[in-house]
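Scroll down for the structure; my scribbles are underneath it.
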Amino acid sequence: MCRFDKSQELLKRELKVSPLAAQTYSKSYRYFCEGLAPSYMERGEECYVYDVDGNKFLDFMCALGPVILGYNNKEVNDAVIAQVNKFASGSLQSELEVELAEKLCEIIPCAEMVRFVKNGSDATTAAIRLARAYTGREKVLMSGYHGMHDWSIGASENNKGVPKAVCELTKNFKYNDLGDLESKLKGNDVAAVILEPIQADGPQSDYLECVKEITHRYGAVLIFDEVVSGFRYALGGASELYGVKPDLVAIGKGMANGYAISAVAGKRELLDQIEQGVFISTTFGGDSIGLAASLATIRVLERPGFYEHIENVGKIMRNGMIDLIDKYGLNDILSVCGLPAHCGLSFEGHGSLSYLDVHSIYSQTMIDNGILVFAVYNLNAAHSKEEAQRYLAASEKAFDLIRKAIDQDSVDGILRGGKVNPVFKRNK
Ligand SMILES: Cc1ncc(COP(=O)(O)O)c(C=O)c1O
């Protein structure tokens, strides 16, 4: 068993000075079994991470999506270092800004213009502001998670601190349910329909095309939030994969192999409004390190083979998990959700076991077997069939223990310490 002494010591220190001891909820110690998992990372190499105690983990979190080529990628690092030696943020624009904007207009189907920001929330918020300005309307319909800003988090259960008037402007609609979307558009003067185009097992046939038609019929702007799906399933994201062009797209996570950059892109008539005073501006928007990293990342992603590779490795993992769930008779407890390139498990309770008990057994066992994963896996270019087999071997051990816990209706003798304890819990 690994020891996490230094991680624990740092955690204790950080908890005194920084809430949750992590700047992203899903990277917090509470998303693992307390005391039995690493919290601090020393370095990464391809698809492996080394924690501050010297333990090595096969990583399927990939920094929650951004690390798409693998940690410490030489081509990306070389591009970044070359730029670091010139300047990071400058008093004038970097010419990399021109190059990357042109490249994004080439690879993203709806992109005629691009505005760079820093994280996914900035990008979705910029898209919403552009849509509101363009339509002269205020209401928003959304489906998925779109970041931490008021307009979107206000429509979730986690809306403490958001003014009620703001919460009321955004409503959720159900993915893959055209009737639900249309009933919410009808008579409501909606400015924007924003959705993650790939959710669960993906869009039903023609769903995205029909969403576009209905959205436009009611005079709203269609925004694809491709912060996750961009660069992960295809270079041009879901809009390339399914052949549907939205009016605007928000991209982020996968575009620079872990360096911070995001963008809103889309139709000229929408982006052009920035010249007429629609305010989208941030000090680090054109930071040249993110630009350099993104250009290098895209250069690698453009070479043949990356997307086939990810798909093939993902298929081994996805199909393998489905078989193992069957083998251990866990179909009521575990389900596999997602397309091969980005998918994972969801957990249900059983008898006196809660879904968090089941999740904790899974999490503890994966860490015990040297694998860093939350519930959904992210793949990078360095994961191969061998890593997929290691993931399945560890998953089998976890499923065996889940079976045992269900049969004895208890986690006694299985869980050794704290449980997974997310800040935001489901109702059951
Ligand atoms: C689909 C989607 N949109 C937007 C965001 C917000 O991105 P960020 O956390 O970089 O602000 C996320 C983050 O997880 C996301 O998954």
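The values are calculated or read from the model by the stated rules, or taken from the named source; none is laboratory data. Here the structure is a predicted model, which is why all the values come from computation and not from measurement. Note that we place each Cβ from the backbone using ideal geometry, even for glycine, and neighbour counts take in every protein chain shown. Surface accessibility is based on the protein's heavy atoms, side chains included, excluding ligands, DNA and RNA. Shrake-Rupley method; radii C 1.70, N 1.55, O 1.52, S 1.80 Å.
Contact order normalised by length for region 74-301, with contacts defined as Cα pairs under 8 Å and 6 or more residues apart; what percent is it? Walk me through the intermediate numbers first.
Values: 433 pairs, mean separation 73.1, N = 228.
RCO, region 74-301: 32 percent.
Here the average projected area of the convex hull drawn through the C-alpha atoms of region 66-159 stands at 8.9 nm². In order along region 246-252, the phi-based Karplus estimate (6.51 cos²θ - 1.76 cosθ + 1.60, θ = phi - 60°) of 3J(HN,Hα) comes to x, 7, 9, 9, 10, 10, x Hz; Gly and Pro are listed as x. Where does the Debye-calculated log10 I(q)/I(0) of region 105-186 sit at q = 0.17, 0.19, 0.23, 0.25 Å⁻¹, using only Cα point scatterers of equal weight, no solvent? Relative scattering, expressed as log10 I(q)/I(0), comes to -0.81, -0.97, -1.23, -1.30. Computed over every Cα-Cα pair of region 336-424 and binned at 5 Å starting from 0, the pair-distance distribution P(r) comes out as 3, 13, 24, 26, 18, 10, 6, 1, 0 percent. Across the chain, the relative contact order, built from alpha-carbon pairs under 8 Å that are at least six residues apart, equals 22 percent. Measuring nothing but protein heavy atoms, the accessible surface of the chain at 1.4 Å probe radius is 50 percent carbon and sulfur. Principal axis extents of the Cα atoms in region 237-387, from largest to smallest and rounded to whole angstrom, are 60, 36, 31. Count the net charge of all other residues whose Cβ sits under 12 Å from the Cβ of TYR391, scoring Lys and Arg as +1 and Asp and Glu as -1. Taking every other residue near TYR391 into account, the sum is 0.
Only one residue of GLY54, ALA238, SER7 has its Cα farthest out toward the positive end of the dipole of the chain, where Lys and Arg carry +1 and Asp and Glu -1 on Cβ, and that residue is SER7.
About the centre of its Cα atoms, the chain shows a dipole size close to 920 debye [charges on the beta carbon of Lys, Arg (+1) and Asp, Glu (-1) only; nearest 20 debye]. Phi angles of region 259-264 translate, via the Karplus equation with coefficients 6.51, -1.76, 1.60 and θ = phi - 60°, into HN-Hα couplings of 7, 7, 6, 8, 7, 10 Hz per residue; Gly and Pro are given as x. Listed by chain and number, the aspartates and glutamates placed with their C-alpha closer than 17 angstrom to that of LYS212 are ASP177, ASP180, GLU182, ASP189, GLU196, ASP225, GLU226, GLU240, ASP247; residues fewer than eight positions away on the same chain are left out. Taking square-rooted eigenvalues a ≥ b ≥ c of the alpha carbon gyration tensor, is region 210-298 rounded, prolate or oblate, where a/c under 1.5 means rounded and, failing that, a/b exceeding b/c means prolate? Oblate.
When the residues LEU324, LEU178 are ordered by accessible surface, computed with a 1.4 Å probe over the protein chains alone, the sequence from largest down reads LEU178, LEU324. Over all pairs of different C-alpha atoms in the chain, the reciprocal of the mean inverse distance, the Kirkwood hydrodynamic radius, equals 22.7 Å.
Amide H contacts of ALA191 (H built 1.01 Å from N, in plane; Pro and chain starts excluded): GLU138, LYS139, VAL140 sit under 5 Å, all sequence-distant by 5 or more or on other chains. THR282 contributes about 60 Å² of solvent-accessible surface, heavy atoms of the protein only, 1.4 Å probe.
Ligands, DNA and RNA aside, GLU95 has an accessible area near 140 Å² when probed at 1.4 Å. Couplings for region 49-56, taken from phi via the Karplus curve 6.51 cos²θ - 1.76 cosθ + 1.60 with θ = phi - 60°, read 10, 10, 8, 6, 8, x, 7, 10 Hz in order; Gly and Pro are left as x. Listed by chain and number, the aspartates and glutamates whose alpha-carbon sits under 12 Å from that of LYS385, ignoring those within fewer than 8 places in the same chain, are GLU311. Return the lysines within reach of LYS164: Cα separation strictly under 25 angstrom, same-chain partners fewer than 8 residues apart disregarded; answer none if there are no such residues. Reachable lysines: LYS139, LYS174, LYS184, LYS186, LYS425.
The spread of Cα positions in region 74-301, taken along each principal axis and listed from longest to shortest, comes to 55, 37, 33 Å. Accessible area per residue for region 74-301, computed on protein heavy atoms with a 1.4 Å probe, is 44 Å².
Between ASN312 and ASP332, the C-beta separation translates, for a Förster distance of 25 Å, into a calculated FRET efficiency of about 0.25. What is the antiparallel percent of DSSP beta bridges lying wholly in the chain, to the nearest 5? Close to 60 percent. Distance from the Cα centroid of region 1-47 to that of region 168-225 is 38 Å (rounded to whole angstrom).
Calculated mean residue ellipticity, 222 nm, the chain: -12000 deg cm²/dmol, from DSSP H runs (n ≥ 4) at -39500 (n - 2.57) each, averaged per residue and rounded to 500.
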